[in-house]
Amino acid sequence: MNEMAASIPAAIRGLSDDTIRVLERVPSAVFVLDADGLIRWANGRTHRVLKRSVESVVGLSAEALFGCQMPSVAELPNEPEGFAGRTTLPTPDGLRMVVSFRVTPLELPGFEPAEGCRAVFVQDVTGIEHLRAERDRLLQFATVHEVLPSLLHELKTPLASVLSSVELLIEDYEEPALQQSLFAVLQELRRMKLNLEGIGSVGRPLRAARVHAIDDVVTQACRVLEASARARGMVLHCQTASLPLLPFDPSVVRAVVFNLVTNAIQASVAKGRIAVEVSIEEPSKVFKLVVRDNGCGMNAEVLSRCRDLFFTTKANGSGLGLALCDAAARAADGQLRLESQPGQGTTVTLLIPVSAPRDERQG
Ligand SMILES: Nc1ncnc2c1ncn2[C@@H]1O[C@H](COP(=O)(O)OP(=O)(O)O)[C@@H](O)[C@H]1O
Ligand SMILES: [Mg+2]
């Protein structure tokens, strides 16, 4: 304790051993600032909170350390809480930490500071900031979840009637040029429908009570997406084995195909190749959908985070696609596998057991 007392500069000399003992026990880093805003003393917690030694901060300007202005004693609010702030600091290991700090006039029993001295109490709130960000993300999701169904309904209903009107018009008009234009319109409307389905199936179960021709569902979805791929100079090749009818919801399968193929198109450049394959793995009877591209690929960090809700690296991305596919796969006792190499491409594999384990137990 004496050693510490000896290091106390004249400006704040007068801190008694008892006071220093109290300041050393405070569960925050504590700095004493002189009238010029220089850190003249720091407690031992500084090292634990800021990951910096006491010696490395003493003598620094608090404003330079915190990157924001420290109010002078005259500017401090006339309340015991003083002035509170929050700032982001680099850590010695190259990361960033969020700290909250409180500046108060230095009023300690038995201590008479030189005029203008202040105390700063600093806490690491990085963990709290992460929790806050997570809460905001969940609130964002809850909002999307709440408004999305009615918004989609508003869009889907008129879209369905426009689609069937265009289908009828194509039958009525035989002039080739007009038919061609109407086909282009039809193609765009179908893509819009698939797009809405891609968003609208968030949270819907993939497994269904009734069986459907899932191979046809995948082929048709690819046919609609092929035009987008072709327009960007890419080739989309869809290879589906002839499958038995499967107890899967066609709209959820379409949503998965839409999301995976759209990601592949967005990751590729002209002359890129995208392959979609569908099969049943024997003898385990697992439905397998593979979407492979030779696009930009993902680095290890993106690969580890790409299924997180709202994680996106695109300026206009939603970060919903892979989260939706992953959630749908896991809810159906399956999995979504991702393999990717930066600059080489990405392969996404959806694996779903044809029958749910629950059914097998009942059977
Ligand atoms: N085929 C792919 N190739 C390269 N990166 C991909 C691919 N699929 C997904 N990603 C990465 O994963 C992120 C999340 O994808 P997704 O959940 O579909 O959201 P979004 O497409 O809206 O960004 C993308 O922003 C991208 O960085
Ligand atoms: Mg996507």
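So which of D293, D308, D333, D326 ends up being within 14 Å of A264 (Cα to Cα) and among the charged types (D, E, K, R)?
Residue meeting the stated conditions: D293.
Run down A255, A209 and say which single residue is aliphatic (A, V, I, L, M) and surrounded by fewer than 20 Cβ atoms within 10 Å (Cβ to Cβ).
A209
Just to be sure, is T104 outside the structural domain of R52 (by TED's automatic domain parsing) and either over 20 Å from A42 (Cβ atoms) or surrounded by 15 or more Cβ atoms within 10 Å (Cβ to Cβ) (or both)?
no
Hey, could you check segment 303-321 for residues that are in a helix (DSSP H, G or I) and surrounded by 15 or more Cβ atoms within 10 Å (Cβ to Cβ) and say which is farthest from ligand 2 (Cβ to nearest atom)?
My answer is L303.
In segment 258-274, what residues are more than 12 Å from ligand 1 (Cβ to nearest atom) and at pLDDT 95 or above?
Scanning segment 258-274 gives a single hit, R273.
So which strands (runs of 3 or more DSSP E) stay within segment 207-267 end to end and still have 1 or more residues that are within 16 Å of ligand 2 (Cβ to nearest atom) and touching a helix residue (DSSP H, G or I) at 6+ places or on another chain (Cβ under 8 Å)?
Hits in segment 207-267: 235-240.
All but one of (1) within 11 Å of ligand 1 (Cβ to nearest atom); (2) assigned to a loop (DSSP other than H, G, I, E, B) hold for S355; which doesn't?
(1)
Inspect segment 324-345 for any residue being in a strand (DSSP E or B) and more than 27 Å from the chain's Cα centre (by Cα) and give the result as yes or no.
Within segment 324-345 (the criterion being in a strand (DSSP E or B) and more than 27 Å from the chain's Cα centre (by Cα)), the answer is no, since none of the residues qualifies.
Yes/no matrix, rows are residues, columns are (1) touching a residue at least 12 places away in the same chain (Cβ under 8 Å); (2) on the phi > 0 side of the Ramachandran plot; (3) away from ligand 2 (no atom under 16 Å from the Cβ); (4) surrounded by fewer than 20 Cβ atoms within 10 Å (Cβ to Cβ):
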position: K271; (1), (2), (3), (4): yes, yes, yes, yes
position: I274; (1), (2), (3), (4): yes, no, no, no
position: E282; (1), (2), (3), (4): no, no, yes, yes
position: V291; (1), (2), (3), (4): yes, no, no, no
position: N299; (1), (2), (3), (4): yes, no, yes, yes
position: Q335; (1), (2), (3), (4): yes, no, yes, yes
position: G343; (1), (2), (3), (4): yes, yes, yes, yes
position: T349; (1), (2), (3), (4): yes, no, yes, yes
position: A356; (1), (2), (3), (4): yes, no, yes, yes
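Which of the residues belonging to segment 319-333 are free of Cβ contacts under 8 Å to residues at least 24 places away in the same chain and near ligand 1 (Cβ under 8 Å from one of its atoms)?
Matches in segment 319-333: G319, A323.
With under 26 Å from R21 (Cβ atoms), buried (at least 16 other Cβ atoms within 10 Å of the Cβ) and touching a residue at least 40 places away in the same chain (Cβ under 8 Å) as the only criterion, which of A62, A114 stands out?
A62
Only one of (1) under 28 Å from the mean Cα position of the chain (by Cα); (2) surrounded by fewer than 12 Cβ atoms within 10 Å (Cβ to Cβ); (3) aliphatic (A, V, I, L, M) fails for A177. Which number is that?
Only one criterion is unmet by A177, namely (1).
The values are calculated or read from the model by the stated rules, or taken from the named source; none is laboratory data. Predicted model only: the values in this text are computed from it and were never measured. As a convention, Cβ positions derive from the backbone with ideal geometry for all residues, glycine included, and neighbour counts pool all protein chains shown.
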